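Report on one structure; see the data block that follows.
Computed from the coordinates by the stated procedures, all read-outs in this text should not be read as laboratory data. Just so it is clear, the structure is predicted and the values come from calculations on it, not from any experiment. With ideal geometry, Cβ positions are generated from the backbone for all residues, glycine too; neighbour counts draw on all protein chains shown.
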Amino acid sequence: MNREPIFNIPPVVLAVLAVLALVHLARTLLFTEQQDIEFLLTFAFIPARYDSSVVLGGTLPNGGADIWTFVTYALIHADWTHFGVNAVWLLPFGSAVARRFGTPRFLAFLPVTSAAGAGLHLATHPGEQYPMIGASAAISGTMAAAMRFAFQRGGPLGLFRGGDDRAYRVPAIPLTGVLRDPRVLLFLIVWFGINILFGLGSFPVTGSEQSVAWQAHIGGFLAGLLLFSWFDRRPDLPQLEDTAATPH
């Protein structure tokens, strides 16, 4: 009997992890302290850059808004623990989504969800000068995207799972049916509950004293959930009747 590996990791996911690791290696091994500060000021997401009173008042180095930071902050991590936590979540969920979307769509999906996370963080932290970093918003987006198909019959977590890539090509659950699938609903309750718990309790989970930017997680998650169809390819398999899944 053939046995499938627990994680069949697509090359694009390994490449993303390699880039994230190389960025952190450069910061820890090559940059001086001053260079690292300049790097963060250039590429981290700082809400205060979009507050004219802060920028015009001269309290923020390097001036005003840098639009690329809506994406580039996701390439930076606070420490190896922060990187490791994100890598652990990216491997299963990113792999599932990459196998479904394909490499080009997956690479377009990540910056969109990163930007959505930064946007919600900006809306909830106006004027804040503390930089936000980390790929968690994009990874939250992959969690939401995977939820749209993983629980379907024949999907990676569904009943009567198909073999090989067929499990990742089942038709997605319609957005209108998300709240009618008990497994998807449970996933949503647990995911939002954990993020709100850490947010309200300000519990650090990355080894640093900075609390979790949970609003950015939610922004990325909502983007992955709502914009899934923009990146999804037409499924290869017909929808099968499943009492625990909503027909497409």
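Each peptide in 74-84, 176-186, 13-23, 135-145 receives the mean, over its residues, of other Cβ atoms within 10 Å, and ordering these scores from highest gives 135-145, 74-84, 13-23, 176-186.
In this simple spin-label model, placing a label point 7 Å from the Cα along the Cα-to-Cβ direction at both Val19 and Thr176 gives a separation of 3.7 nm.
A protection proxy built from the mean count of other Cβ atoms within 10 Å ranks the segments 106-115, 31-40, most packed first, as 106-115, 31-40.
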